[in-house]
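The values are calculated or read from the model by the stated rules, or taken from the named source; none is laboratory data. Only a predicted model underlies this, so the values are computations on that prediction, with no experimental measurement involved. Using ideal geometry, Cβ is built from the backbone for each residue, glycine included, and neighbour counts are taken over all protein chains shown.
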Amino acid sequence: MKIASNLLFLLISFTVILSANAENWPHDHTFNIQQYDRQIPDAMAAAEYSLDKRGWSIVSRTKNSYIAMLKKNSVDAKIRIEVSDALVKILSDSKRGAIGDDPANLANKIMLWSPYYPRGWIGNIEKDMENYLATVPALPIDEETGSTLSQETVEARLVSLKAQYEKQLITEQEYQQKRTEILSEL
């Protein structure tokens, strides 16, 4: 039963990923994050934090967007979060189910689905993201490129620096000084 459930979730997730761009998202909510003066990776981290906190399953991600699903009570919700430096846009395609009479056989009951806008859930994501951006320190910014430094970028720079030292392209003093500079960016 668990295998069938997991396969169904994967099939639904794959369908969502394939149809995400062509799909109609009937509801949208946009809010401004410019006052936090953050880069896109910070806003994406805030979105991921909120989705995880609220129990959403992320089924697709790009450099500046997430698609997530949530099945809770009688609601089947799907959202797309698009992030820019100044705005976050949350698109929703959700439905709510209710038990009703089967038109083909009035003796049977079936689940009837109707469009639903999960206003409260989307409001919670907005609040979570704003709280995250207001309280969590920004990712370090590389002064040369102007882009944010991720943990991977810092690690790659340290590995490169060590290779330069081992090839005797820089002195130990230069190695230690540059290493300290890189680590201070974290």
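In region 25-50, of all residues being out of contact with any helix residue (DSSP H, G or I) (no Cβ under 7 Å at 6 or more places or on another chain) and acidic (Asp, Glu), the one that is surrounded by the most Cβ atoms within 10 Å (Cβ to Cβ) corresponds to Glu48. Going residue by residue through region 116-132, is there one that turns out to be touching a residue at least 12 places away in the same chain (Cβ under 8 Å) and assigned to a strand (DSSP E or B)? Taking every residue of region 116-132 in turn, at least one turns out to be touching a residue at least 12 places away in the same chain (Cβ under 8 Å) and assigned to a strand (DSSP E or B).
If we only count strands (runs of 3 or more DSSP E) wholly inside region 1-111, which ones have 1 or more residues that are modelled with pLDDT of 90 or more and among the hydrophobic types (A, V, I, L, M, F, W, C)?
Working: elements: 27-32, 57-61, 65-72, 75-83, 87-92, 94-102.
Qualifying strands (runs of 3 or more DSSP E): 27-32, 57-61, 65-72, 75-83, 87-92.
Of all positions in region 172-186, at least one carries a residue that is in a loop (DSSP other than H, G, I, E, B) and at pLDDT below 80.
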